[in-house]
Amino acid sequence: MAAPKIKILKSKYFDSIPEIPLSEYPRPQLQRDSYLCLNGEWDYATAKIGEKLTEYQRKIKVPFSPESLIGGGDAPNDYNTKLFYKRTFTLEKDFIKDKTILHFGAVDYSSSVYVNGRLLFRHRGGYLPFSVDISSVVKAGENKIEVTVKDPTDKCAQARGKQKTEHGQIWYTPQSGIWGSVWLESVSKDYVKDITVVPDIDNGCVNIKTDTDAEAVSIEIYDDGALIASDTGKDCSIPLKDYQLWSPENPKLYDIVIKTEGDTVRSYFGMRKFSVGKDERGISRLMLNNRPYFHNGILDQGYWSDGMLTPPSDEAMLDDIRLAKAMGYNMLRKHIKIEPLRWYYHCDREGMLVWQDMVNGGGPYSFAVTAAIPFTGIQLKDDKYKLFAREDSKYRDEFINEVKETVQLLKNSVSLSMWVIFNEGWGQFDSDRIAELVEFLDSTRTIDRTSGWHDQKSGDFISKHIYFTKIRCPRDKRCFLLSEFGGYSYVCKGHVYRKDKTFGYKVFEDTKSLQKAFEKLYEKSIIPNISKGLSAAVYTQLSDVEEEVNGFITYDREMFKFDIERVRAINERVKIPDLISDFENEKNSEDKNDE
């Protein structure tokens, strides 16, 4: 069999990747001066599980996975392969305080961390950050980190997202190893471990909880450098006067400085509220700051032609968000991936709502359950673990633990408005129970329990994916989300992953017909349905990904397929208040005609 005609594409950022990539401070909502970035060149090797490592075979640029072009472009590692990383770093004596913490943004999947020859930590999970206390072994002068990694991908029921060994169409090349930034900080005994920031616009205050062993804590709030409020204590409710509400149209942020005797951290927040309520006609709507607000979004998978799951630069993440904004969209659905924290920071300050998917897992999915049965209209109960490839209780528990960790990680994101727990039945189970858990952990955001299908007839939303049939508002009192639609495709020659095999829901031969069909889709199927109850729409998708060529922009981010001004002109009409007014005008006109 001939090898597939795969072209590993450099993104437009490839030639400007620095020696130490992604060196910006990685945690914007808990930032301190102590920071050492450990991205860059590491020693790298692979060996079969059970075999001893004899030598490091090459260099790798962390945090890019070995399968990526930036990371070296190796063939995907199989289930029986172990990955080895090593690097040294030097610390000045003044850097080391009471506690030194080593951070990993993401390592896929099972990792062991050694510092100066001692095993300090083991971690499971491919998408979430973790930290290692290395205080007992770190020293002034030269230190050594070694990391070993194993990644079964879809050979077990771990959370793996859209990675698949036999990939194609909507499933992508698996990657492994370190793919998130690695960094170091050293802190005092009374350091700020974490903060929880909850804005309350109904009572005109912000609630701040500080996790620290310090006896005394001071909190200061600033507006463009001017001190506007302050308080002391680990659990404060701080009143604010004349504050501005955060929204996509006005992404106003306020700065926080929290101090203990030995530590100072900086953070920020926005005053906003996400909820579900009734509009003036009694239709259930998504609400922003107690007013109906249409979430006009794009599916965003966060894949890169040369970095895979790892963005090539901070600028690259920001450019994607700004492109969506320039097209007139106000929301991105972060699909089956958790991004670096700086991505959410950019959404916060640019004014881009975020729907955050949980990362799916489970065994091999049944085509009947995830595709065929839903098209008959049948909705399966998700306590049938075997049907949904969720028989292994260990991995069900692991998924729930990762849901908890995801909520904890992103709890302070200003722009994150909705949690999406399951997508299209992929490893779905006990969605009502898990939604109740998420609501208990975070009551400040809305929850889409089952995006696409296998609706359990519960919760605030009915969430549909509609690609091939007519888009209609269902007869359901819940808020209607069109959580995926579109997927219109066009192949930009010279900018595709595979010349011989591309995938899209509807394929067009030229950009003119693509643009015309896109406009017709919004004019005939989206805009008229808003007055009837449609409260959100998520177009598929922001960029091409491997075989999928249904993005606004190509996989390498080089070619934009649409007329951006015409896309923006359509999106300016996708707003609830204007359309309700239009609906009332149309209704009054019809009443007069009847008279």
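The values are calculated or read from the model by the stated rules, or taken from the named source; none is laboratory data. Nothing here was measured: the structure is a model prediction, and the numbers come from that model. With ideal geometry, Cβ positions are generated from the backbone for all residues, glycine too; neighbour counts draw on all protein chains shown.
A few points about this structure:
- Exclusive hit being out of contact with any His (no Cβ under 6 Å at 6 or more places or on another chain) and either under 27 Å from residue 40 (Cβ atoms) or in a strand (DSSP E or B) (or both), set 175, 158: 175
- Scanning segment 425-464 for residues that are assigned to a loop (DSSP other than H, G, I, E, B), of a type in the set (Asp, Glu) and either surrounded by fewer than 22 Cβ atoms within 10 Å (Cβ to Cβ) or at pLDDT below 95 (or both) gives 430, 442, 460.
- Of all residues assigned to segment 164-184, none qualifies as being within 27 Å of residue 261 (Cα to Cα) and of a type in the set (Lys, Arg).
- Looking across segment 94-122, the residues that are surrounded by fewer than 19 Cβ atoms within 10 Å (Cβ to Cβ), closer than 15 Å to residue 148 by Cβ and not hydroxyl-bearing (Ser, Thr, Tyr) come down to 117, 118, 119, 120, 121, 122.
- Single condition residue 233 does not satisfy, out of (1) under 30 Å from residue 91 (Cα atoms); (2) surrounded by fewer than 18 Cβ atoms within 10 Å (Cβ to Cβ); (3) over 28 Å from the mean Cα position of the chain (by Cα): (1)
- Take the conditions (1) surrounded by fewer than 20 Cβ atoms within 10 Å (Cβ to Cβ); (2) in contact (Cβ under 8 Å) with a residue 40 or more places away in the chain; residue 410 misses just one of them, which is (1).
- Within segment 456-475, the set of residues being polar (S, T, N, Q) and closer than 14 Å to residue 505 by Cα comprises 469 only.
- Inside segment 492-527, residues that are without any contact (Cβ under 8 Å) to a residue 40 or more places away in the chain, under 22 Å from residue 451 (Cα atoms) and not in a strand (DSSP E or B) make up a count of 1.
- Considering residues of segment 155-204 that are under 26 Å from residue 89 (Cα atoms) and hydroxyl-bearing (Ser, Thr, Tyr) only, the residue surrounded by the fewest Cβ atoms within 10 Å (Cβ to Cβ): 188
- Residue that is surrounded by the fewest Cβ atoms within 10 Å (Cβ to Cβ) [pool: residues in segment 485-538 that are touching a strand residue (DSSP E or B) at 6+ places or on another chain (Cβ under 6 Å) and of a type in the set (S, T, N, Q)]: 489
- Scan of segment 227-275 for residues that are free of Cβ contacts under 8 Å to residues at least 40 places away in the same chain and of a type in the set (Gly, Ala, Ser), ordered by number: 229, 230, 233, 237
- Matching residues in segment 209-230 - criterion: being crowded, with 16+ Cβ neighbours inside 10 Å, in contact with a Lys or Arg (Cβ under 7 Å, 6 or more places away or on another chain) and not in a strand (DSSP E or B): 217
- When the test is whether a residue is assigned by TED's automatic domain parsing to the domain that holds residue 480, in contact (Cβ under 8 Å) with a residue 24 or more places away in the chain and out of contact with any strand residue (DSSP E or B) (no Cβ under 8 Å at 6 or more places or on another chain), residue 544 does not pass it.
- Filter result for residue 477 (assigned to a helix (DSSP H, G or I), in the same structural domain as residue 549 (by TED's automatic domain parsing) and loosely packed, with under 12 Cβ neighbours inside 10 Å): no
- Identity of the residue in segment 250-292, in a strand (DSSP E or B) and of a type in the set (Lys, Arg), that ends up farthest from residue 95 (Cα to Cα): 278
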